[in-house]
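Visitor: A single structure is presented below for examination.
The values are calculated or read from the model by the stated rules, or taken from the named source; none is laboratory data. All values derive from a computational prediction rather than experimental measurement. Using ideal geometry, Cβ is built from the backbone for each residue, glycine included, and neighbour counts are taken over all protein chains shown. For accessibility, only protein heavy atoms count, side chains too; no ligands or nucleic acids. Shrake-Rupley method; radii C 1.70, N 1.55, O 1.52, S 1.80 Å.
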Amino acid sequence: MSLEKPYLDVPGTTIFDAEQSRLGYHLNQFCMSLMKAENRSRFKADERAYLDEWPMSEDQKQAVLARDLNRCISLGGNIYFLAKIGATDGRSFQQMAGSMTGMTEEEYRNMMIGGGRSADGNRIVGEHGDAQAENQPQGEAGRLLKKSPLPASGTAPHPKTPGSEQ
Amino acid sequence: MSLEKPYLDVPGTTIFDAEQSRLGYHLNQFCMSLMKAENRSRFKADERAYLDEWPMSEDQKQAVLARDLNRCISLGGNIYFLAKIGATDGRSFQQMAGSMTGMTEEEYRNMMIGGGRSADGNRIVGEHGDAQAENQPQGEAGRLLKKSPLPASGTAPHPKTPGSEQ
Amino acid sequence: MAKITASVYTSHVPAIGAALDLGKTQEPYWQPVFQGYDFGKQWLKDNKPDVIFLVFNDHATAFSLEMIPTFAIGTAAEYTPADEGWGPRPVPKVIGHPELAAHIAQSVIQQDFDLTIVNKMDVDHGLTVPLSLMCGQPEAWPCPVIPFAVNVVQYPVPSGRRCFELGKAIRKAVESFDKPLNVQIWGTGGMSHQLQGPRAGLINKEFDNMFLDRLISDPEGLASVPHIDYVREAGSEGIELVMWLIARGAMSDVAGGPAPTVKNRFYHVPASNTAVGHLILENN
Amino acid sequence: MAKITASVYTSHVPAIGAALDLGKTQEPYWQPVFQGYDFGKQWLKDNKPDVIFLVFNDHATAFSLEMIPTFAIGTAAEYTPADEGWGPRPVPKVIGHPELAAHIAQSVIQQDFDLTIVNKMDVDHGLTVPLSLMCGQPEAWPCPVIPFAVNVVQYPVPSGRRCFELGKAIRKAVESFDKPLNVQIWGTGGMSHQLQGPRAGLINKEFDNMFLDRLISDPEGLASVPHIDYVREAGSEGIELVMWLIARGAMSDVAGGPAPTVKNRFYHVPASNTAVGHLILENN
Ligand SMILES: [Fe+3]
Ligand SMILES: [Fe+3]
């Protein structure tokens, strides 16, 4: 790709550009389909079967089944599309956003009530804010992780969050 | 309407602008539906019933049933949309275009082979070319009309053309 | 002649719509948010326009990835509130103004903005939440609305500069309409927020308040802020703020008139993931 | 770096497609039309590009009145020939070039052209007939194609000036792509024709030949011809000629390079309702 991308060094952030859009086309179009009540019902009745109607990659399907939104985004998903999955599950935008940080729902909610996440240290990769890669996952999930580290096999950049339904 | 319309003084010509588009919205969307083979079949099986599925004006429906393309255009139709009706009938673009002049199919075809209609006298309303209102209909239809004029009730600006199916 | 009399700016958070629809406006969490619009609600009653030109963005609702218009103007007679996955919001349908919309479309296209004309579009929280905030829960919205959708979902989104210039073109278009309509232009979206990734929940009060300051007094300079600054400072979804520059560019001081009057300014954190900002500017 | 090496211009009459598909190319009526493309067919074989950027207009096929983009760029992997009502043409599917298309979209939007990005679009005779004329009846088209659709159906359509400027922006976009692709840009539609009303069948050889002359030697001046002149002189559908200015604006002489070489020029009346024009210009 030869598109200029001045936005690749923002920590914890994926900009939905043409390349991501191409990667996530079917994933996002699947999400759009959940705007119809009958499709939401069919999806809920048999998630795997519904997903198999779409030419998505197996990785994308697994990420959806695991409600791993960070993984969905790394596979080309965009939050406005992915939000349709959360809506189908009856989850709010706050629950969805929080699920990507590793914080519990309450931790995230309290962070927002406290004025939100600071931009300080989180503007550029290499600073030391809470959104930097070395500080993931955040909150309770991070504390748990430090107590009992995951097996070394874990190549997924974003561990599963406590709030996400398996 | 306060749109500037420098194109209202071109004889025998309707520019498809926002106002026409609004007027002809459902007529044109009906035409689009004929791009699907099953809709063409349903339309052919019972034209009136198919038309009644669309929120078109009675005038628009009558103009379609009469294949009166000039009337369709005066009611907001656009030729690229209306062409789908002709395609459904198995008619070519040349047959459709010719049907709007009053010429027979052969007359129109010969005019085209002869180099087409001249722009001379047909640039501005008030000149004296063959596309001017006072010279309608053209060709055989015009000659017939001069022999036996229509009853004075005729408010339709464009008489029915011989080639159009009733 | 039609005239833009005022501009209104506001965030359009979906949770605000949900709070209103579920009767939570008096809860301690939401009460300060809705209180911030008390002035605006009364002001809108006292200054009811004939038409609202509402700049918003679609959130993967009317526009899928099949077709992504940079700028889309609604010329339809009406628009249905969308089902975004939670079921449609229980709000009135939106009545359009096809005649003025078509006029603006023609004029703005002839000023070299390559609009997409839209005649069928369900409208999502981006359009209905600002109406709810400014009108409460009426049986019908107070006047016709022309929806104007801006792509801020897939990059590249239009620059702040392009948005500001578009606002100027819209003002010219409105003023060349030959009926005496009172038109308001609303810019919605923002303020700082990020809905994705480990950086979700970013809020930047300093940036937001700088944005409000400059939007009032230095919009031309503000228009030159590049996208990347929005992303770094205001979060990945903070980019929605470029839409406020469209409304601001349509104000008469930009075309040499007197400075507008600031009728109201409000800022609050948080509403769900988002900082809420609100501004009312009246032309003089 | 990618480079635009040549531009091709041609009418795209549906009846030409039908004549080819039905094996009528040797009939006396059609033989002179197809003969006019003999040179071009050989030239394309000898100068096979890596990608064709094909400017055309949709004829109420992919775009209904629900959504009318002024400019739409196709970034999909492939496009299906459309059923325009006569059944789909029996021609190969069109393979896209998503990577270059996305690059051009980004670059051109950042140059202040407000494109609509399209990922799903059936392509009508406006796109397939030029390919047929230049390639005959192959099993597969010779290279990937980036479809670029221009609204010339509902007024206001973009001005000649806007189209010419867009061509310049496309050239810059192509030249900033970091792979060494040989790109041709094709402008299609026209020449003089009118498909509607008592004035149907209008043909203006003088105008068409003046257009070809000026397209070669004075494109900048030609770009300032207003719409109404096309309508009066070249018929209501003659307005399609503005699309040729997009291709012409992308040639390097416009950016200060040497004049292009005219490899072929052809003009014939009639094909169905239309005058047929064709031009090949090579960059030097
Ligand atoms: Fe938003
Ligand atoms: Fe055409």
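Visitor: Check off (1) over 16 Å from B:Y7 (Cβ atoms); (2) under 19 Å from the mean Cα position of the chain (by Cα); (3) within 16 Å of ligand 2 (Cβ to nearest atom); (4) not hydrophobic (A, V, I, L, M, F, W, C) for D:N209 and give me the number that stays unchecked.
Guide: Evaluating D:N209 over (1) over 16 Å from B:Y7 (Cβ atoms); (2) under 19 Å from the mean Cα position of the chain (by Cα); (3) within 16 Å of ligand 2 (Cβ to nearest atom); (4) not hydrophobic (A, V, I, L, M, F, W, C) leaves (3) as the failure.
Visitor: Within segment C:159-179, does at least one residue satisfy the condition of being within 16 Å of ligand 1 (Cβ to nearest atom), under 30 Å from A:L69 (Cβ atoms) and within 14 Å of chain A (Cβ to nearest Cβ)?
Guide: no
Visitor: Consider D:M210 carefully, then state whether it is open to solvent by less than 20 Å² (accessible area, probe 1.4 Å) and either in a strand (DSSP E or B) or of a type outside the set (F, W, Y) (or both).
Guide: no
Visitor: Looking at C:A173 and the list (1) in a helix (DSSP H, G or I); (2) small (G, A, S); (3) touching a Leu at 6+ places or on another chain (Cβ under 8 Å), which single condition is not satisfied?
Guide: Just one mismatch for C:A173, condition (3).
Yes/no matrix, rows are residues, columns are (1) open to solvent by less than 30 Å² (accessible area, probe 1.4 Å); (2) farther than 27 Å from C:A101 by Cα; (3) in contact with a strand residue (DSSP E or B) (Cβ under 7 Å, 6 or more places away or on another chain):
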site: D:G87; (1), (2), (3): yes, yes, no
site: D:H97; (1), (2), (3): no, yes, yes
site: D:D114; (1), (2), (3): yes, no, yes
site: D:P130; (1), (2), (3): yes, yes, yes
site: D:C143; (1), (2), (3): yes, yes, yes
site: D:G160; (1), (2), (3): yes, no, no
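Visitor: Of the conditions (1) surrounded by 22 or more Cβ atoms within 10 Å (Cβ to Cβ); (2) out of contact with any strand residue (DSSP E or B) (no Cβ under 9 Å at 6 or more places or on another chain), C:G136 clears all except one; give me its number.
Guide: So the condition that C:G136 fails would be (1).
Visitor: Here is a further query. All but one of (1) part of a helix (DSSP H, G or I); (2) open to solvent by 10 Å² or more (accessible area, probe 1.4 Å) hold for B:M112; which doesn't?
Guide: For B:M112, the failing item is (2).
Visitor: Given the residues B:L34, B:L75, which is the only one that is open to solvent by 20 Å² or more (accessible area, probe 1.4 Å), within 19 Å of the chain's Cα centre (by Cα) and of a type in the set (A, V, I, L, M)?
Guide: The unique qualifying residue is B:L75.
Visitor: Could you tell me which numbered condition C:V174 fails, if it satisfies all but one of (1) within 19 Å of the chain's Cα centre (by Cα); (2) open to solvent by 10 Å² or more (accessible area, probe 1.4 Å)?
Guide: (2)
Visitor: What are the residues in segment D:176-196 that are away from ligand 2 (no atom under 16 Å from the Cβ) and within 21 Å of D:N57 (Cα to Cα), if any?
Guide: Within segment D:176-196, D:V183, D:Q184, D:I185 meet the criteria.
Visitor: Next up: Output the residue which, of all residues in segment C:231-242 that are within 13 Å of ligand 1 (Cβ to nearest atom) and in a helix (DSSP H, G or I), is farthest from C:L195 (Cα to Cα).
Guide: Here the answer is C:V242.
Visitor: Looking at segment D:14-23, which of the residues that are surrounded by fewer than 24 Cβ atoms within 10 Å (Cβ to Cβ), within 14 Å of another protein chain (Cβ to nearest Cβ) and farther than 16 Å from D:K41 by Cβ is farthest from ligand 1 (Cβ to nearest atom)?
Guide: D:L22
Visitor: Filter segment C:243-257 down to the residues that are within 16 Å of ligand 1 (Cβ to nearest atom) and more than 14 Å from C:D208 (Cβ to Cβ), then identify the one that is nearest to the other protein chains (Cβ to nearest Cβ).
Guide: C:I246
Visitor: While we're on this one: Take C:T5 and decide whether it is part of a strand (DSSP E or B), polar (S, T, N, Q) and either within 14 Å of chain A (Cβ to nearest Cβ) or open to solvent by 10 Å² or more (accessible area, probe 1.4 Å) (or both).
Guide: Yes; evaluated as a whole, the condition is true for this residue.
Visitor: Further question on the same structure: Please state which of the following conditions A:G90 fails to meet, knowing it meets all the rest: (1) over 11 Å from the mean Cα position of the chain (by Cα); (2) more than 19 Å from C:H12 (Cα to Cα); (3) at pLDDT 95 or above.
Guide: (3)
Visitor: Do you know which residues across segment D:50-65 are in contact (Cβ under 8 Å) with a residue 40 or more places away in the chain, away from ligand 2 (no atom under 16 Å from the Cβ) and open to solvent by 10 Å² or more (accessible area, probe 1.4 Å)?
Guide: D:D50
Visitor: Just need a number here: residues in segment D:228-256 that are more than 16 Å from ligand 2 (Cβ to nearest atom) and either within 27 Å of D:E175 (Cβ to Cβ) or touching a residue at least 12 places away in the same chain (Cβ under 8 Å) (or both).
Guide: Residues in segment D:228-256 being more than 16 Å from ligand 2 (Cβ to nearest atom) and either within 27 Å of D:E175 (Cβ to Cβ) or touching a residue at least 12 places away in the same chain (Cβ under 8 Å) (or both): 10 in total.
Visitor: May I pose another question? Does C:N283 fit the bill of being of a type in the set (S, T, N, Q) and open to solvent by less than 10 Å² (accessible area, probe 1.4 Å)?
Guide: Taking the combined requirement at face value, the residue does not satisfy it.
Visitor: Further question on the same structure: Taking the condition of being in contact (Cβ under 8 Å) with a residue 60 or more places away in the chain, open to solvent by less than 20 Å² (accessible area, probe 1.4 Å) and either farther than 13 Å from C:P198 by Cα or within 8 Å of chain C (Cβ to nearest Cβ) (or both), how many residues in segment A:116-131 meet it?
Guide: 2
Visitor: Further question: Identify all residues within segment B:43-59 that are closer than 20 Å to D:L65 by Cα, of a type outside the set (D, E) and open to solvent by 10 Å² or more (accessible area, probe 1.4 Å); write none if there are none.
Guide: B:W54, B:P55, B:M56, B:S57
Visitor: Criterion first (away from every other protein chain (no Cβ under 13 Å) and buried (at least 18 other Cβ atoms within 10 Å of the Cβ)) does C:P260 satisfy it?
Guide: The answer is yes for C:P260.
Visitor: Here are the criteria: (1) more than 8 Å from chain B (Cβ to nearest Cβ); (2) part of a helix (DSSP H, G or I); (3) under 27 Å from B:E127 (Cα atoms); (4) open to solvent by 10 Å² or more (accessible area, probe 1.4 Å). Tell me which single one D:V225 does not satisfy.
Guide: (2)
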